[in-house]
Amino acid sequence: MYLLRVGETWNPAELSRAAGVVWGKASWDSDDWLPLWRHLADAGPVAGLLWDHWVPDRARRVISDCVPGGEDDARRLVVWLAGVHDIGKATPSFTCQVPRLADRGTAFGLRWERRTSYPACAHHTVTGQLILETWLIERHGWKRSQARQAGCVVGGHHGTPPTRGMLTEIAEHTMTKPAMGWRPGDTRRSAWRDVQWELLDWAAAGAEVTDRLDSWRDLCLTQQAQVLLTAIVIMADWIASNEEYFPYSSVDRSDRITAGWRQVSLPPRWRASDLPTDVSEFYRSRFENRPPRPLQVAAVNVARGLPDPSIMVIEAPMGEGKTEAALLAAEVIAERDGGGVVFALPTRATSDAMLGRILAWLRSVVRDDDAPLDLGLGHGKSRFNAQFQTLLRDGYACVDADWTRRPGNRSSLPAVAAHRWLAGRKKGLLSQFMVVTIDQILFAALKSRHVVLRHLGLAGKTVIIDEAHAYDVYMSQYLHQAVNWLAGYGCSVIVLSATLPAATRAELLTAYRGTAPDTAALIDVPYPAIISAGQTGDVRVVASEADATRRTRVSVGYLDEPEDDEYGPLITELADALRDGGCALVIRNTVARATGTAAALADHFGRTVRVRLMHSRFIAADRERNDDWLRTEFGADRDAVTTPTIVVATQVAEQSLDIDFDLLVTDLAPIDLILQRMGRVHRHMRGPEQSDRPEPLREARCLITGADWAAGPPTPVTASTRIYDVYTLWRSAAVLADHVDESGCVVALPGDIAPLVQRAYGDAPAGPAEWRPAVDSAFTDFTARRERDAVKAKRFRLKDLAEPGTSLLGWLDVGVGDVDDQAAGIGQVRDGMDSLEVLLLVERDGRWFLPDWLPALAGTEIPRESEPLPRLAKAALGCAVNLPFWLTSDEVIAELESRNDNPAWQGSHWLAGELVLPLAADTLAATVAGHHITYHPDTGLTVRRAA
């Protein structure tokens, strides 16, 4: 446990009575309060503890490299900044907020006025920055530019650094009372300034920096270091402000710091060690004694030869084991550099599915004497993930044991748990290991409040980005900027994709390195391959072998959708293909098309064929049931499908699912997504030469529909052009047309994946000559839209890293405030209209009930006149579903709000601000703003205009 290195020197007896009566914390429920000196003397040592035990090695190195005394100076700097972070509370503009406490200082000349007497921007963070800067300049001879670097850490400790205008208003505004108790340049004696200077001198002594401030006079902190310092100070402030850890009643307790830290019990920093040198042994020790594939062997060998830090791009077909390859590579990197892992995926569903795999891997990593590892799940619905809730419960036992495995508790403590404090709001990336949606990485490049905590959470980790081909131009602006900052922190990044266009590879490498790589090395890349590069030097390309047992030849055909018989050709084709049993997957580009198709197929086939519908508009219980059924019925270990089955799905069946169908029908989509969808057909060998499949389905086939193939170029259905740009659809169709002519209607997986993607996203002519004028015109429009998207994204995107010594003043100007993984937050980093989330509850006689088919609490009433119990509130939140984006209008919101007269809910941690869409008990339907909305557990949410 911690031996106090600094705490003993924070001696309150050295302070005057005037400094001792300034309040720093006050209870709103009682008369209890905490002196400012006590809070500063808590926060400083807590920051030291964070530095000693928790801050990752790479993050510490970023700060240590900026100060003359290396790591020792860096630690002192952290403790000192935390120890002065609230100096702005020793001001009349702050103390006036609690008059009964403010009055304690009037006898010492600490006078104050009403809050309205001071400038509106006189927050204690802003005044604190000005006070610290002035003290450094006047007391220690610092220049303004150096003082501002330290000052912005104090100014930004509530999540946003001040703007230049705020500082100017505080310093120069003469129409209001001096917010600090004095104005810069005023040489008259001020009781407030005397107290401020006294507290700053005292804190400098407590942090043992008094004799270092002169040598720091030429301080030149990088922006990365300033961000990390701010984040550590915020963490120290939050911990020291928690009454559970640092109560107001034990101000003079000698072991206050040690006792408070033991209450928190953060997991210690992690570094991989003693990894097996033999790759096969290494792999078998992590993944159920299975032998590694060539890709996984190559990934480990590449990681062992990487410079520090590096970016690695792993391109391989679906099912080749990219996830396992990335995890092993991350362990190799962590043995060299320390730090955990963040694994980012496109959606909540894919993140939830990945959590179990990461958990199993971590359990194989932990040795008997290791502290439990901390694993978090980073998305807005993590509280509904049963596996993560179990990890949180296990975390309580780990905290009680000081997060330490000892001989007496090895068998009872879990190997992996989730720390409750690190899993809290705004702290989601701070756990050692994280499974997150990609939005959490994109948010790190968004000008948003407390973004510094996201940076601290990422700065010590290897970041794995899965399904990198799934991100559009708008999202890529944020992704590339996040990657650039990650490189600035010395983080290694691993990118996974089925395949990437050469231009996308170049953009990612440019973002990481800061300069464009040799593009020639990124064009004729073998497949599968691992591309790697450090921040300088050459780009390396290592070829790997594809698993010979996973090669598939997919026959490609086209299916019309005539206006007078939209589903006729599809029904005819499926009836013939499934005559002897088997299973078909039909992927539509929109929920509406999927719903209509499933209804038509069910109506035609009746009970002779099973028809199931999968899309994103199901409540959590139904979505989980659907996913479980999908994995059970069509996973790697499934039996032969004797009952003809058709699954109609949207993009939810496209990514990160190991499912295997006999036949695929897909809407026209961008080529990389069509190839991804093809990976769901004949994914596994079913008997010799697929002989266990029904005879008509032993040849893998993909039928492409969703377009008028008679037109030149083919005309995609309107619904698809709302999701994908028409140019990318036409390029996909053109490249496929050329390939079909050349290959005899066969796509060979994985061999054809890379060539097809490079051709589709390249600029060489493709498709019949008569298509080209229309395609060229679409390309012009496409390019203009991409440029507009890029400009639009840059408005709220973090700027590039500035020169060392540039302060964070105005760093988040024109920011977006708080963001999280809800619709409004995601809408900032994904280009598209926000959709509205509602809770579907059943209404009877004005009372609300949970749906009666839920696995738990079915039919239970959710009270409206009182705050629901947490278990009921969580069950209600599990009934959330998103309305179509086109149904998100002021009229719809206003009408829903008129039906949600639940003032008691606003006090609920769970339900405050939520909107309920009450469904009639007999029909499970409602009409809102002229739209008829229905729900069924088998078909999900459907919307149509009311007659």
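The values are calculated or read from the model by the stated rules, or taken from the named source; none is laboratory data. This one's a predicted model, so the numbers in the text were calculated from it and none came from an experiment. Every residue, glycine among them, receives a Cβ derived from its backbone with ideal geometry; neighbour counts consider all protein chains shown.
I need the full set of residues from region 567-583 which are surrounded by fewer than 17 Cβ atoms within 10 Å (Cβ to Cβ) and either among the acidic types (D, E) or on the phi > 0 side of the Ramachandran plot (or both), in order please.
D576, D580
If I ask for residues that are small (G, A, S), assigned to a helix (DSSP H, G or I) and under 18 Å from the mean Cα position of the chain (by Cα), which ones from region 374-433 would you list?
If the condition is that a residue be small (G, A, S), assigned to a helix (DSSP H, G or I) and under 18 Å from the mean Cα position of the chain (by Cα), then S382 is the only one that fits.
When you go through G83, G48 one by one, which is the residue that is touching a Pro at 6+ places or on another chain (Cβ under 9 Å), part of a helix (DSSP H, G or I) and at negative phi?
Checking each option against the conditions leaves just G83.
What number goes with the only condition from (1) at pLDDT below 95; (2) assigned to a loop (DSSP other than H, G, I, E, B) that T258 does not pass?
Evaluating T258 over (1) at pLDDT below 95; (2) assigned to a loop (DSSP other than H, G, I, E, B) leaves (2) as the failure.
Within region 685-694, is there a residue that is outside any loop (DSSP other than H, G, I, E, B) and crowded, with 22+ Cβ neighbours inside 10 Å?
No; the residues of region 685-694 include none that is outside any loop (DSSP other than H, G, I, E, B) and crowded, with 22+ Cβ neighbours inside 10 Å.
Run down I257, I234 and say which single residue is crowded, with 21+ Cβ neighbours inside 10 Å and either farther than 30 Å from I333 by Cα or without any contact (Cβ under 8 Å) to a residue 40 or more places away in the chain (or both).
After applying the criteria, what remains is I257.
Mind checking whether some residue in region 92-101 is aliphatic (A, V, I, L, M) and touching a residue at least 60 places away in the same chain (Cβ under 8 Å)?
yes
Condition check ((1) touching a Gly at 6+ places or on another chain (Cβ under 9 Å); (2) surrounded by fewer than 17 Cβ atoms within 10 Å (Cβ to Cβ)) across all residues:
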| residue | (1), (2) |
| --- | --- |
| G596 | no, no |
| L601 | no, no |
| R617 | yes, no |
| D627 | no, no |
| R631 | no, yes |
| D639 | no, yes |
| L657 | yes, no |
| F661 | yes, no |
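Does R271 satisfy the criteria of being in contact with a Gly (Cβ under 8 Å, 6 or more places away or on another chain), over 30 Å from G24 (Cα atoms) and crowded, with 20+ Cβ neighbours inside 10 Å?
Spelling it out, it is not the case that R271 is in contact with a Gly (Cβ under 8 Å, 6 or more places away or on another chain), over 30 Å from G24 (Cα atoms) and crowded, with 20+ Cβ neighbours inside 10 Å.
Looking only at region 511-543, count every residue that is among the β-branched types (V, I, T) and surrounded by fewer than 20 Cβ atoms within 10 Å (Cβ to Cβ) and tell me the total.
6
Would you check if there is a residue in region 88-99 being crowded, with 24+ Cβ neighbours inside 10 Å, among the aliphatic types (A, V, I, L, M) and under 27 Å from S807 (Cα atoms)?
Yes, there is a match, as at least one residue in region 88-99 is crowded, with 24+ Cβ neighbours inside 10 Å, among the aliphatic types (A, V, I, L, M) and under 27 Å from S807 (Cα atoms).
Is it the case, given these coordinates, that S215 is under 30 Å from H140 (Cα atoms), part of a loop (DSSP other than H, G, I, E, B) and over 29 Å from the mean Cα position of the chain (by Cα)?
When the stated conditions are applied, S215 passes them.
Does T650 fit the bill of being in the same structural domain as C702 (by TED's automatic domain parsing), buried (at least 19 other Cβ atoms within 10 Å of the Cβ), among the hydroxyl-bearing types (S, T, Y) and more than 26 Å from L496 (Cα to Cα)?
no
Could you list, ordered by first residue, the pairs with Cβ atoms under 6 Å in which the first is in region 154-174 and outside the structural domain of A82 (by TED's automatic domain parsing) and the second is surrounded by 22 or more Cβ atoms within 10 Å (Cβ to Cβ) and among the charged types (D, E, K, R), at least 6 apart or interchain?
Taking only residues 6 or more apart or on different chains, not a single pair turns up.
For region 327-355, which residues satisfy the criterion of being part of a helix (DSSP H, G or I), in contact with a helix residue (DSSP H, G or I) (Cβ under 7 Å, 6 or more places away or on another chain) and not charged (D, E, K, R)?
L327, L328, A329, V332, I333, A349, L355
Where residues in region 178-192 are surrounded by 21 or more Cβ atoms within 10 Å (Cβ to Cβ) and in contact (Cβ under 8 Å) with a residue 60 or more places away in the chain, which of them is nearest to R38 (Cα to Cα)?
If we take residues in region 178-192 being surrounded by 21 or more Cβ atoms within 10 Å (Cβ to Cβ) and in contact (Cβ under 8 Å) with a residue 60 or more places away in the chain, then W192 is nearest to R38 (Cα to Cα).
Only one of these conditions is not met by P68: (1) surrounded by fewer than 24 Cβ atoms within 10 Å (Cβ to Cβ); (2) touching a Pro at 6+ places or on another chain (Cβ under 9 Å). Which number is it?
(2)
Tell me, yes or no, whether region 712-719 has at least one residue that is touching a Ser or Thr at 6+ places or on another chain (Cβ under 7 Å) and surrounded by fewer than 21 Cβ atoms within 10 Å (Cβ to Cβ).
Checked against the condition, which is being touching a Ser or Thr at 6+ places or on another chain (Cβ under 7 Å) and surrounded by fewer than 21 Cβ atoms within 10 Å (Cβ to Cβ), region 712-719 yields at least one hit.
Just checking, how many residues over region 851-889 are more than 25 Å from the chain's Cα centre (by Cα) and farther than 18 Å from R383 by Cα?
Looking only at that region, the number is 16.
Return the pair list, or none, for Cβ contacts closer than 7 Å from residues in region 604-627 that are within 14 Å of R348 (Cα to Cα) and in contact (Cβ under 8 Å) with a residue 24 or more places away in the chain to residues that are buried (at least 18 other Cβ atoms within 10 Å of the Cβ) and aromatic (F, W, Y), at least 6 apart or on different chains.
Every condition considered, the pairs that remain are A620/F384.
Limited to region 348-378, what total is found for residues that are within 21 Å of P267 (Cα to Cα) and either in contact with a Pro (Cβ under 6 Å, 6 or more places away or on another chain) or not hydrophobic (A, V, I, L, M, F, W, C) (or both)?
12
Quick check, is A506 under 23 Å from the mean Cα position of the chain (by Cα), assigned to a helix (DSSP H, G or I), of a type outside the set (F, W, Y) and closer than 23 Å to L798 by Cβ?
no
Regarding Q146, is this residue free of Cβ contacts under 8 Å to residues at least 60 places away in the same chain and assigned by TED's automatic domain parsing to the domain that holds W28?
Criteria not met by Q146.
Mind checking which residues of region 606-636 are part of a loop (DSSP other than H, G, I, E, B) and among the aliphatic types (A, V, I, L, M)?
Of everything in region 606-636, those that are part of a loop (DSSP other than H, G, I, E, B) and among the aliphatic types (A, V, I, L, M) turn out to be V609, I619, A636.
Here's a check for you: in region 394-425, which residue that is within 12 Å of P372 (Cα to Cα) and acidic (D, E) is modelled with the highest pLDDT?
Only one residue fits best here, namely D394.
Could you tell me whether F287 is surrounded by fewer than 23 Cβ atoms within 10 Å (Cβ to Cβ), in contact (Cβ under 8 Å) with a residue 12 or more places away in the chain and either of a type in the set (A, V, I, L, M) or not assigned by TED's automatic domain parsing to the domain that holds V681 (or both)?
yes
What are the residue pairs meeting all of these: first residue in region 738-749, first residue under 17 Å from R551 (Cβ atoms), second residue polar (S, T, N, Q), Cβ atoms under 8 Å, and 6 or more apart or on different chains?
As it stands, the answer is V746/S555; A748/T552; L749/T552, since those pairs meet every condition given.
Inspect all residues belonging to region 584-591 and state whether any of them is free of Cβ contacts under 8 Å to residues at least 40 places away in the same chain and either of a type outside the set (K, R) or at positive phi (or both).
Among the residues of region 584-591, not one is free of Cβ contacts under 8 Å to residues at least 40 places away in the same chain and either of a type outside the set (K, R) or at positive phi (or both), which makes the answer no.
If we scan region 351-367, do we find a residue that is polar (S, T, N, Q) and surrounded by fewer than 21 Cβ atoms within 10 Å (Cβ to Cβ)?
yes
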